[in-house]
Each structure stands twice: as C-alpha cells, then as structure tokens.
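Everything on this sheet refers to the single structure shown next.
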Amino acid sequence: MSVLVYIEHADGKVKKTSLEAVSFASALAAQTGEGEVVAIALGTVDSPELASVGKAGASKVLHADDVRLNDGVIQAHASAVAQAFASVGAKTLVLAKSSLGDAVAARLAIKLSAGMVSNVVELPKTSGGYLVKRSIYTGKAFAESEITTENKILAVKKNAVDLKTDGAGASVEKLSVALSDSDFASKITSTERATGEVLLPEADIVVSGGRGMKGPENWGMIEDLARVLGAATGCSKPVSDIGWRPHHEHVGQTGVKVAPSLYIAIGISGAIQHLAGVNSSKCIVVINKDPEAPFFKAADYGIVGDAFEVVPKLTEALKAEL
Amino acid sequence: MKILVCITHVPDTTSKIQFTADNTKFDTTGVQFIIGPYDDYALARAVELRDQTGGTLTALNVGEAETEPTLRKSLAIGADDAIRINSFPKDSFFVAKQIAHYAKEGGYDLILMGRESIDFNGGMVHGMVGELLGMPSFSPVMKLEVEGSTVKMAREIEGGKEYLEAQLPLIAGCQEPIAEWKIPNMRGIMSARTKPLKVVEPVSQETQAEATRFQLPPAKGAVKLVDKDNVSELVKLLKNEAKVL
Ligand SMILES: Cc1cc2nc3c(=O)[nH]c(=O)nc-3n(C[C@H](O)[C@H](O)[C@H](O)COP(=O)(O)OP(=O)(O)OC[C@H]3O[C@@H](n4cnc5c(N)ncnc54)[C@H](O)[C@@H]3O)c2cc1C
C-alpha cells in the first residue's frame, strides 16, 4: 500500500507546491500507516530532478515520460494518473492545488470513485472517520468534510504543511501508460507564459499594486520592490480590468488566491473581494495614503503615506538590509 | 446549439460569514444571495453564444425552493428556461451526479458553469460531470469561441494562459474575462416571470465528502503602524518580529 502524489513540473523543475504535496503525503502516510509515498510525474523531465523528490519524503517516483504528456492535456493526465494509482495499489491521492491539478483531480474523483476534498489546510483526522479541514468562503472560514469512500483525493492548499527536506533520494522507475486517441481529443495549440519571473500562485512573497498607483507607467517601483524581495507581482481587479496589468496578476475573490508568507499591498483600498484572495497570507503589509482605508484592518503592519514616496524608500531600506 | 449553464446560489461577496450556534450550518440571517460570480460570467457568455448561434439556453441549479429567485434572475439575464433539482447541494459529487443525469437527458452540446462556487471553492463539479458523461472538461476557461463544432478556448495557467481546441460536446468552468457580467433589464425581468422553471427531484442521494462542521478563523490583531519617514523600522519588524524576510 502507498500514498500516490501527482507532481507537476515546469521548466525542468518539480514545482515547489508539488514538493509540499509530497511532504503532506509523507506526514499522512506516517499517521495512517499507509506505507510509502510514491510520486507520479508525467512528460519529459530529468531523472536526477525526479530523484530529488525523495527529499520531500517520496521513496519512489514513477515516470510516464510519454512526450504527448508534456502538454497538460487534462483527460490524458487523468488517465495516466488513474493507471499509476492502480499500479501501486494506492487508496489515497494527494496533489497540490493548481490550474491543471484541480482539473485533473476532479475527473479522477469519478474514475477512482474517490471522495475528494480541495483546499485542504492540514492533515486529516483519521482516528474514527476521516475528517478533512478545508478552507471555504474564499479563505473566510473553514469546514470539516468527512470522506466516506475507501479511495480518497486531497488537493492541498499552499502552506498546509512545512516543506520536508531531509528525506533520502527516491528511486525513479519508468511507467508505461496506455493512452488512447480520445484522451488527446483536445489540442493545446499554444501557450503564453511569463518566464523567469516568480509565479504569483506559488510565490512566498507578493507585492501588489492597486488603482492608487495611478497608471501602468508607475509599475516600475512595484517591480523594483518585488525584485529585491524575490517576490511575485500582483494587482487588484480594476487594475487588470483596465489593462494596466495582465489578468493572471489579478488577486482576489474572482482572481488568484495567494497564500504567501508576506503580502505587500500598495495603493489598494482593501475591498472585501480583494481581501478574499489574500486572507491566507501569514503577514500583510499595507501602504496607503488614506488612514481610513479598510485594508489597514486586515493588515499586520501599515504605513500611512504616499506610495510614490514610501515604496522607493522601502526598496532602498531592503537593499541595505538583505 | 443547446447550452446548459449551471448556477450556484451563494452569499453576496460582501456577506459576513457566520455559522449557527452549533457550527453545523451556514447562518443565512441577513445574508443576500446572488448568482455565483463565476457562474455569472458563464451565463453572460452563454447568452452571447445563444444569440450568436441560435438554439436554446437552459439554466440549472441544485437547490431548495429558496434558490428560485436566483434562477429567475438567470432567466431575466437571458436563459430561456430553467431547471431546479430540488435538494440541498450536499457535496460536489452529489451535485455532479444530478447535473450529469439531467444534462444527459437534455442532450446539451455545451455545458458551462463557473470555475468554482464562492462558498465551498471546490472547483470540482465541471470535471466530475465531464468524467460522468465522458465529455472533455476544461477549467478555468477565460475565452471561449464556437466555430461550427470546434470550440476554441483560452485556459488560465500559473503565470499565463494556454490556447486549446476541442470538439463539442464539452464542459467548461468559466472565469473572467470570458464575458462581461450582464445586468437584467426591465424587459428581461418581466419575461423571466413567465419563462418555464421546472422542478425535478434528485436522482441519487449518494455523497462522498459532506461538510459536517464549520469554523471561523481567529480574529486578526490590530495593525502596527510605522511612520512613513522611518521605513527601515518596517524592515526590522518584518525581519525580527514577523520573521518573513
Ligand atoms: C463580485 C465582485 C468580485 C470582485 N472581485 C475582486 C477581486 O477578485 N479582486 C479585487 O481586487 N477586486 C475585486 N472586486 C472589486 C472590489 O470591490 C474593489 O472595487 C477593488 O478591489 C478596488 O481596487 P483598488 O483597491 O485597486 O482601487 P480603489 O478602491 O480605487 O482604491 C485605491 C486605493 O489607493 C489609495 N491611493 C490612492 N493614491 C495613493 C497614493 N498615491 N499612495 C498610496 N495610496 C494611494 C486610495 O487611498 C485607495 O485606498 C470585486 C467586486 C465584485 C462586486
């Protein structure tokens, strides 16, 4: 018996959120006695990179290196993971929440007759029943869901467990999966992806700007601050609606939900719909010239002041310190 | 083309989230309910596609009688008829089973819904319905064009988007900027009163992961303000107190 983890990779590297999912699975297996943790990786990626997944707690990585799986074709990924699940005799599948992971896991819930819980924030309670704590109402509350099926799928939210780094190396085994044409009925024709930047949903620090930044020409200071911190940049909804910033940077109720250690909001009023996307942050800093801005109520630290004055100073102060 | 749009009935985004005293149910006192914002995008796009290609647009909700005003609003925005599956939506699997059954019966070419509901944020129903019906499913879809039987889509991925092509029938979980939210006009509101709204019973009671208890996060402490002329103080606090640098 083992716990299976669906891991994703980009630019030749296993995603950090996937390593968190492996860490989660490793703690889960220790708790439930489900044996070893096996990861499944799809598409082209180097074996040494896969072996490093062992540090997060996997003892084995199955690698279905079919080139057709390089694209995240949802149905094909679901078929491949279902075969891996059967081949290791797993009862539990763990994955990190992501654009592809969510879409694949929902299909797997039916394929595997598995009760699924998404946005899992901590290890389940497994003594008598199987109770999973999840974030709901876009971070404003938690629910405990009881999974009643034998097979289970847990889609883990960022920061649900600490990243494990002291595991041994994992063995990497090829897995050949049978895929049919119908698995590839949809075609990915092209992909646009910001490269070389820290990706917002996975970032540990996020610097966001709102309408208070006045215009896209002023984003240089947001980017400078982000660069010093190794942070991703985000924005409020009106900012992406007007086209000052790309849509994938829009944070909030209807945008990306982030869960960084540090969220810095600059010139954002803190409307409840924006807060819904950031309330899982460990620490929130607000810079706003209006002392009455609602964001201050949700902040840990704040500076009342003009962003155009404060942000460059903060960047300099950080440069001096870091 | 026959289009089905699945609608959730959820608390307005400004609602104070509270639970009943025993923490087993959402407390609806004073809460205004709306069409889920993502479903509202799906509905808006569905209305455009129906107008563009002809055909019909059905709105569906799994919910008890109190969700009818939300379904009527979908009719006012432009759906031709509505189906309410008469049950509390117990979990994603339960909801997906109902939708799959009635979607199959209706023979829809395109099934749209929001990428996720804003109450439980599961984001699973579209994929489950897709797998139950053997149709491809895509989410989160931010652009969707129909050309004959080919559907061209853009799906949001971390840090960008992916362009896809697939054939009808299919299912998409939608998000902005797929279309602009539509506000019902007077004529829409008037006609919605007489458009057909069919109530049907659930086809299965099976659940897999029902929420049994709820909890609010601990209250946030007061903000610590730092003087704007002393930003290095903030750096120190982030480093030594919050320990996030
Ligand atoms: C259903 C629904 C869903 C929504 N989803 C989202 C969502 O996902 N994400 C989201 O962000 N919004 C969302 N919104 C919109 C939300 O209600 C707010 O309108 C939006 O967040 C406001 O953006 P903002 O803070 O950038 O702009 P504003 O509210 O205009 O605030 C600008 C702020 O900048 C400050 N400011 C101005 N000049 C300066 C300066 N020189 N220096 C410092 N500060 C300055 C002002 O004091 C003000 O607080 C949603 C709304 C609805 C109805």
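The values are calculated or read from the model by the stated rules, or taken from the named source; none is laboratory data. These figures come from a predicted structure and were not determined experimentally. Positions of Cβ are backbone-derived with ideal geometry, glycine not excepted, and every protein chain shown enters the neighbour counts. The protein model used for the area step is the full one, side chains on, heavy atoms only, and it has no ligands, DNA or RNA in it. Shrake-Rupley method; radii C 1.70, N 1.55, O 1.52, S 1.80 Å.
Taking every residue in region A:278-300 that is at the interface with chain B (Cβ under 8 Å from one of its Cβ atoms) and pairing it with any residue that is part of a loop (DSSP other than H, G, I, E, B) and away from the ligand (no atom under 12 Å from the Cβ), at least 6 positions away or on another chain, the pairs with Cβ-Cβ distances below 6 Å are A:Lys282/A:Ser261; A:Cys283/A:Asp300; A:Cys283/B:Ala242; A:Cys283/B:Val244; A:Val286/A:Ala299; A:Phe296/B:Val223; A:Ala299/B:Val223. A count restricted to region B:1-60 and to residues that are under 22 Å from A:Tyr137 (Cα atoms), away from chain A (no Cβ under 11 Å) and within 16 Å of the ligand (Cβ to nearest atom) stands at 11. Only one of the numbered conditions (1) polar (S, T, N, Q); (2) surrounded by 12 or more Cβ atoms within 10 Å (Cβ to Cβ); (3) farther than 30 Å from A:Val120 by Cα is violated by B:Thr207, and that is (3).
Scanning region A:163-171 turns up one or more residues that are in a loop (DSSP other than H, G, I, E, B), open to solvent by 80 Å² or more (accessible area, probe 1.4 Å) and more than 16 Å from the ligand (Cβ to nearest atom).
B:Val95 meets each of the listed conditions (1) among the hydrophobic types (A, V, I, L, M, F, W, C); (2) out of contact with any Lys or Arg (no Cβ under 9 Å at 6 or more places or on another chain); (3) away from every other protein chain (no Cβ under 14 Å); (4) buried (at least 24 other Cβ atoms within 10 Å of the Cβ) apart from (3). The residues listed here are A:Arg245, A:Arg211; of these, the one that is more than 9 Å from chain B (Cβ to nearest Cβ), within 16 Å of the ligand (Cβ to nearest atom), in contact (Cβ under 8 Å) with a residue 12 or more places away in the chain and under 13 Å from B:Gly159 (Cα atoms) is A:Arg245.
Scanning region B:114-138 for residues that are more than 9 Å from chain A (Cβ to nearest Cβ) and open to solvent by 10 Å² or more (accessible area, probe 1.4 Å), which turns out farthest from A:His77 (Cα to Cα)? Step by step, filter region B:114-138, then rank; the result is B:Ser117.
With respect to (1) without any contact (Cβ under 8 Å) to a residue 24 or more places away in the chain; (2) over 22 Å from B:Met135 (Cα atoms), the lone exception for A:Asp162 is condition (1). Checking each residue in region A:214-242 for being within 11 Å of the ligand (Cβ to nearest atom), open to solvent by 40 Å² or more (accessible area, probe 1.4 Å) and either more than 18 Å from A:Val286 (Cβ to Cβ) or under 15 Å from the mean Cα position of the chain (by Cα) (or both) picks out A:Asp241, A:Ile242.
Each residue in region A:262-306 was checked for being more than 29 Å from the chain's Cα centre (by Cα) and open to solvent by 10 Å² or more (accessible area, probe 1.4 Å), and 6 pass.
Among the residues making up region A:141-176, those that are facing chain B (nearest Cβ under 10 Å) and of a type in the set (Val, Ile, Thr) are A:Ile147, A:Thr148, A:Thr149, A:Ile153. From the list B:Ala42, B:Ala21, the one residue that fits, being modelled with pLDDT under 95, aliphatic (A, V, I, L, M) and not in a strand (DSSP E or B), is B:Ala21.
For every residue, the table says whether it meets (1) facing another protein chain (nearest Cβ under 7 Å); (2) out of contact with any Asp or Glu (no Cβ under 6 Å at 6 or more places or on another chain).
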site: B:Gly148; (1), (2): no, yes
site: B:Ala154; (1), (2): no, yes
site: B:Ile171; (1), (2): no, yes
site: B:Cys174; (1), (2): no, yes
site: B:Lys182; (1), (2): no, yes
site: B:Met190; (1), (2): no, yes
site: B:Leu197; (1), (2): no, yes
site: B:Ala209; (1), (2): yes, no
site: B:Leu216; (1), (2): yes, yes
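Checking A:Asn279, A:Asn288 one by one, the residue that is of a type in the set (S, T, N, Q) and near the ligand (Cβ under 8 Å from one of its atoms) is A:Asn288 and no other. Summed over region A:248-262, the residues that are touching a Cys at 6+ places or on another chain (Cβ under 7 Å), more than 17 Å from A:Ala317 (Cα to Cα) and more than 7 Å from the ligand (Cβ to nearest atom) give a count of 2. For region A:47-57, check the following and say yes or no: at least one residue is more than 9 Å from chain B (Cβ to nearest Cβ), among the polar types (S, T, N, Q) and in contact with a Ser or Thr (Cβ under 7 Å, 6 or more places away or on another chain). There is no residue in region A:47-57 that is more than 9 Å from chain B (Cβ to nearest Cβ), among the polar types (S, T, N, Q) and in contact with a Ser or Thr (Cβ under 7 Å, 6 or more places away or on another chain). Across region B:139-185, the number of residues qualifying as open to solvent by 30 Å² or more (accessible area, probe 1.4 Å) and among the hydrophobic types (A, V, I, L, M, F, W, C) comes to 3.
Considering only region B:212-245, state which residues are part of a helix (DSSP H, G or I) and of a type in the set (Gly, Ala, Ser). Of everything in region B:212-245, just one residue is part of a helix (DSSP H, G or I) and of a type in the set (Gly, Ala, Ser), namely B:Ser232.
Do you know which of the residues in region A:177-208 that are touching a strand residue (DSSP E or B) at 6+ places or on another chain (Cβ under 6 Å) and more than 8 Å from chain B (Cβ to nearest Cβ) is farthest from the ligand (Cβ to nearest atom)? Here the residue is A:Val177.
The set of residues from region A:103-124 being free of Cβ contacts under 8 Å to residues at least 12 places away in the same chain and more than 8 Å from chain B (Cβ to nearest Cβ) is empty.
For region A:1-26, name all the residues that are outside any loop (DSSP other than H, G, I, E, B), under 14 Å from A:Gly101 (Cα atoms) and basic (Lys, Arg). Matches in region A:1-26: A:Lys16 only. Just one of the listed residues (A:Ser182, A:Ser176) is surrounded by fewer than 15 Cβ atoms within 10 Å (Cβ to Cβ) and modelled with pLDDT under 95, namely A:Ser182. For region A:267-276, filtering for residues that are closer than 18 Å to A:Val121 by Cβ and more than 11 Å from chain B (Cβ to nearest Cβ) leaves 0. Of the residues examined, B:Asp51 is one that is assigned to a helix (DSSP H, G or I) and among the acidic types (Asp, Glu).
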